[in-house]
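Trainee: Starting off with a structure, shown below.
The values are calculated or read from the model by the stated rules, or taken from the named source; none is laboratory data. Quick caveat, the model's predicted, so the values are computed rather than measured. Using ideal geometry, Cβ is built from the backbone for each residue, glycine included, and neighbour counts are taken over all protein chains shown.
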Amino acid sequence: MARLPLAMRCLRRNLAFRNISISIMLMYYYVWLLFALVYKRRLWKIEKRIRNRELRDAHLYQLIGESDVACIQELRMDRRTLHKLCEMVRVTGGLEGTRNTSLEEIVATFLYIISHYLKNRTIKKFFYRSGEMISRNFNRCLLAVLKLHNLLLKKPEPISEHCMDNNWKYFKVNDLYMKILVSVT
């Protein structure tokens, strides 16, 4: 078998070299493109975290800081009472805010769930938190509020039999039926 002429061998060698160099350049650009996409995705996550934090702060300000009317409508207590409750929960209940969640947000989330009887699924969209975080903060706040039962709940005193108040005379029980009047008001 005869060898190819020198010009043809150089042409084939140049084509092979060109193909290898083009494939190396394409891989190089592909790797840089992947690095750029990974970096951009990381930036998107950071931007999303920052945006969620801003939305969370704005919503909490609307809930607590803007007016007493909004606070009473949403949490069923005014701002002064809310701050007193936060202080009681901090001092007596031992509840502290976390690195990412303030104590006021934890208590506001707790009160919002209690006052509107909502589920974690609904609250997590409302407060821009995960369902796990909502559940964990709710349980921590519930335990702290339960520690306040001596301060917040008054122990009932029994009504004496000789009480002259008309509101209590129908509840007397002596192995007889109780006569109960229910007013419409």
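Trainee: Being farther than 19 Å from Phe126 by Cβ and not in a helix (DSSP H, G or I) is the filter here; which residues of the stretch 28-85 pass it?
Mentor: Within the stretch 28-85, just Asp78 meets the criteria.
Trainee: Please state which one of Arg140, Arg79, Arg90 is more than 11 Å from the chain's Cα centre (by Cα) and touching a residue at least 40 places away in the same chain (Cβ under 8 Å). Steps first, answer last, please.
Mentor: Values: Arg79 fails: touching a residue at least 40 places away in the same chain (Cβ under 8 Å); Arg90 fails: touching a residue at least 40 places away in the same chain (Cβ under 8 Å).
Matching residue, one of Arg140, Arg79, Arg90: Arg140.
Trainee: So, one more: In the stretch 86-96, which residues are touching a Cys at 6+ places or on another chain (Cβ under 9 Å), part of a helix (DSSP H, G or I) and not small (Gly, Ala, Ser)? Steps first, answer last, please.
Mentor: Start the filter on the stretch 86-96 by keeping residues that are touching a Cys at 6+ places or on another chain (Cβ under 9 Å), which leaves 89, 93, 95.
Filter once more, so that each one left must be part of a helix (DSSP H, G or I): 89, 93.
Hit for the stretch 86-96 is Val89, nothing else.
Trainee: Among the residues of the stretch 1-50, which ones are over 40 Å from the mean Cα position of the chain (by Cα) and either closer than 30 Å to Asn100 by Cα or polar (S, T, N, Q) (or both)?
Mentor: So in the stretch 1-50, the residues over 40 Å from the mean Cα position of the chain (by Cα) come out as 1-29.
Of everything in the stretch 1-50, those that are over 40 Å from the mean Cα position of the chain (by Cα) and either closer than 30 Å to Asn100 by Cα or polar (S, T, N, Q) (or both) turn out to be Asn14, Asn19, Ser21, Ser23.
Trainee: So which residues in the stretch 111-170 are outside any loop (DSSP other than H, G, I, E, B), over 28 Å from Arg51 (Cβ atoms) and of a type in the set (A, V, I, L, M), if there are any at all?
Mentor: Listed by number, the residues that qualify are Ile114, Leu142, Leu143, Ala144, Val145, Leu146, Leu151, Leu152.
Trainee: Arg99 fails exactly one of the following numbered conditions: (1) closer than 28 Å to Lys48 by Cα; (2) assigned to a helix (DSSP H, G or I). What is the number of that condition?
Mentor: (2)
Trainee: Does the stretch 84-100 include one or more residues that are closer than 18 Å to Tyr61 by Cα, out of contact with any Gly (no Cβ under 9 Å at 6 or more places or on another chain), surrounded by fewer than 17 Cβ atoms within 10 Å (Cβ to Cβ) and at pLDDT 90 or above? Show your work before the answer.
Mentor: First, pick out the residues of the stretch 84-100 that are closer than 18 Å to Tyr61 by Cα: 84-86, 97, 100.
Then drop every residue that is not out of contact with any Gly (no Cβ under 9 Å at 6 or more places or on another chain), which leaves 84-86, 97, 100.
Subsequent filtering for residues that are surrounded by fewer than 17 Cβ atoms within 10 Å (Cβ to Cβ) retains 84, 97, 100.
From what's left, at pLDDT 90 or above: 84, 97.
Within the stretch 84-100, one or more residues are closer than 18 Å to Tyr61 by Cα, out of contact with any Gly (no Cβ under 9 Å at 6 or more places or on another chain), surrounded by fewer than 17 Cβ atoms within 10 Å (Cβ to Cβ) and at pLDDT 90 or above.
Trainee: What are the pairs with Cβ atoms under 6 angstrom where one residue, in the stretch 35-53, is among the basic types (Lys, Arg) and the other, located anywhere, is assigned to a helix (DSSP H, G or I)? Sequence gap at least six, or different chains.
Mentor: none
Trainee: In addition: Where the second residue is of a type in the set (Ser, Thr, Tyr) and surrounded by 15 or more Cβ atoms within 10 Å (Cβ to Cβ) and the first is under 15 Å from His59 (Cα atoms) and lies in the stretch 107-136, which pairs have Cβ atoms under 8 Å and are six or more apart or on separate chains?
Mentor: Within 8 Å, the pairs are Ile123/Thr109; Ile123/Tyr112; Phe126/Tyr112; Phe127/Thr109; Phe127/Tyr112; Arg129/Thr101; Arg129/Thr109.
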